[in-house]
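First the structure, in the form of structure tokens, and then the observations on it.
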Amino acid sequence: MHPAGRLAVTWGSHPQEAHMSTPLVPDADAWVDLLRMLAEEAPDAFFTRWLSRHGAGESRELPSVVVEGYELARRTRDNSARRERRESELAALFATAGDLSSLRDTDRVLTAIVRRARALLVSDAAYITLIDKGGDVTTMRVEVGMQTSALRTMRLAHGTGVSGMVAKTGEPFWTADYLNDRRIVHVIDDIVAEEGLTGILGVPLLLGNQVLGVLFAADRRSRAFAPDEVALLTSLGNHAAIALNNARMFEESRAALAELTQAHAAMKTHAELVEKSALVHDRLADLILQGAEMAGVVDALADVLAADVLVLGPDDAELARSASMPTGIHATLRAYVDDRSEIGIEEGERWAEARDQAFRLGRTARFDTPAGSQDVWITPIIAGTEHFAVVLSTRESAFSESEKRTLERGAQVTALLLLMSRSLAAAEQAVRGELLDDLLGSYPVDEASVRRRAELLGVDLGADFAVVAARPVEQAQRAAVLHAATLLVAELGGIAGEHDGSVVCLLAGLSADQAADRVATGIAEVADAGATVGAAGPGHAVAGLRAAYLDAARCERILLALGRWGARATPRDLGIYGLLFSGAPRDQIEAFLDDRLGPLVRYDAGHGTDLVATLRAYFSAAGNVARAAEALYLHPNTLRQRLTRIGELIGKDWANDQLELHVAVRIHEIIREI
């Protein structure tokens, strides 16, 4: 400025005007031209040309009116440009504020901010880096204008690079020449050089005193950033910080809402489960209080779950099944339970694994059947540590967790029914045992009282009963044998219980032979056990049943004495020898046989002969050699030679003791037969 406040310029911009010695005061048209250039934002060259038209000579001062007009025009133009730029900046800030209120996607807000920063600062690129949760590293979040991918994956520690410096200090920082600026701790020069960035401005994203990240504007040429540019980018950075904070609070709110929603859903599900379980429990409890059988409970469970239900006992015998169960589904379940060949070895092994898992965990286990079949859910029935039954359920759709709990609740009620049934059976069995003791004991009883007690158990002692005494081959199987006998008398009618160390059955309407066969077969099938069985009768009334029991027990003892464990016999099978040896222990019988027949048995074994059979035929023919030889298909002389050999082995006077020898042969025969 001129000392007087006027602009000093030189003359001579146009040679043709150089001869002018006095300045030309602009006329009205000249001032109009000046205002037009101002309105049209003409470049400086136009203003210089205007000045040259109104000056003359060199080193001459322009007229004050010209200088003042020129300065006013330039000032007006500059002010107008600043207002327009400020309006653009404010518009960008208002738009960013609008984004903060309308956009929920943080990346979209941040991308809009970097795009506006790039446009307002007329930079080649703009980007935002954020500080990680640990607070030690900054990483790229969003960018516009990048030509390579290297900067997108960079990680800068605090204090390194422009990003690290701004994050550490919390103050704006710019450099006109990044690669040659010694204020910067250079760690990513190769990446910056690859991208071609030179002038870089970074401002912090501040939320209070906390630096969340850095907003950048960068050029691929040297550039000095003006204070108003720094201020503008700082304002945008503040908006970015607000966006990040809003996003953080929004995420926290959304996470809290999600947790609340999840908790509400869980509480609702739990409440529904509790309500449904309570309804199921009430329904099943009502059934129990009403004295319902197992079938009623199973039908109720099937109705609640809209499924087919089958309950199996410890031996896989059916305890109950839902009335609506289709025949095909029942057949499929039985095929798996019975491990039939049609399901295949692999399927059978998978079934066994699923069942073992259910009992091991005490929870419902799913068995995935082949395609086209309904899956089966296996629910164990456990009382204490005893696994004594199982519930099998199947339907087209899978069971929910709450429905599985309903299944397990149903299994508990089923267990309760089974325990009640078992307790009732035990009490009834105790009553039956007491009745058997009075009925079969050797002490006097009031027969009328015994009859009345029997009638209370549904037994008419006036009818004929076969009496069976059975002793398990293995004592550990006693309970199973008793259970099998109880099932048999429930089917045929009668009484079963323990008496004098044996399982005793009174079976109506059977002969001794039939009773022995039914009991032995039933024990083998139901209990998978063996028993030594003696049977007698039929008999009726107290006296008749006591007599039949003594005969049955005698047969049992004779079989045990003869070592025929697991065999069955009646008095008819043992004949007179049963009467003779009913009280003899086994070692006494073996000693008697060895004394009488031992030499013959050993000779037959060593020479392949059959002298014992020869002796039996001789006794059967009442000592008639011809008839005995005929029965043996031998010549009489051959028979005499065999008799001579018998005399040499057991003594030549054996004929004087034929009764005992005959008894020994018969006992030997019985042992072999039974």
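Every number in this text was worked out from the coordinates using simple rules, so none of it is lab data. This one's a predicted model, so the numbers in the text were calculated from it and none came from an experiment. Note: ideal-geometry Cβ built from the backbone for every residue, glycine included; neighbour counts use all protein chains shown.
Some observations on this one:
- Averaging 1/r over every pair of different alpha carbons in the range 443-572 and inverting the result gives a Kirkwood radius of 14.3 Å.
- Taking a straight line from the alpha carbon of K168, these lysines sit under 19 Å away, with near neighbours fewer than eight places off in the same chain left out: K133.
- Given in Å, the Rg to one decimal and the Dmax to the nearest whole number for the Cα atoms of the range 451-503 are 12.1, 36.
- Taking label positions 7 Å along the Cα-Cβ direction at both N246 and H270, the computed distance is 3.7 nm, reported to one decimal.
- The value given for the range 103-209 is a Kirkwood hydrodynamic radius of 14.2 Å, derived from the mean inverse Cα-Cα separation.
- Rg and Dmax over the alpha-carbon atoms of the range 227-383 stand at 28.0, 94 Å.
- With eigenvalues of the C-alpha gyration tensor scaled by 5 and rooted, the range 292-423, Å: 21, 16, 15
- For a straight C-alpha distance cut-off of 27 angstrom, the lysines reachable from K404 (same-chain residues fewer than eight places away being disregarded) are K268, K276.
- Three principal axis extents of the range 586-673 based on alpha-carbon atoms, in descending order, are 38, 27, 25 Å.
- The charge dipole of the range 443-572, taken about its Cα centre with unit charges on the Cβ of Lys, Arg, Asp and Glu (plus for the first two, minus for the last two), comes to roughly 300 debye.
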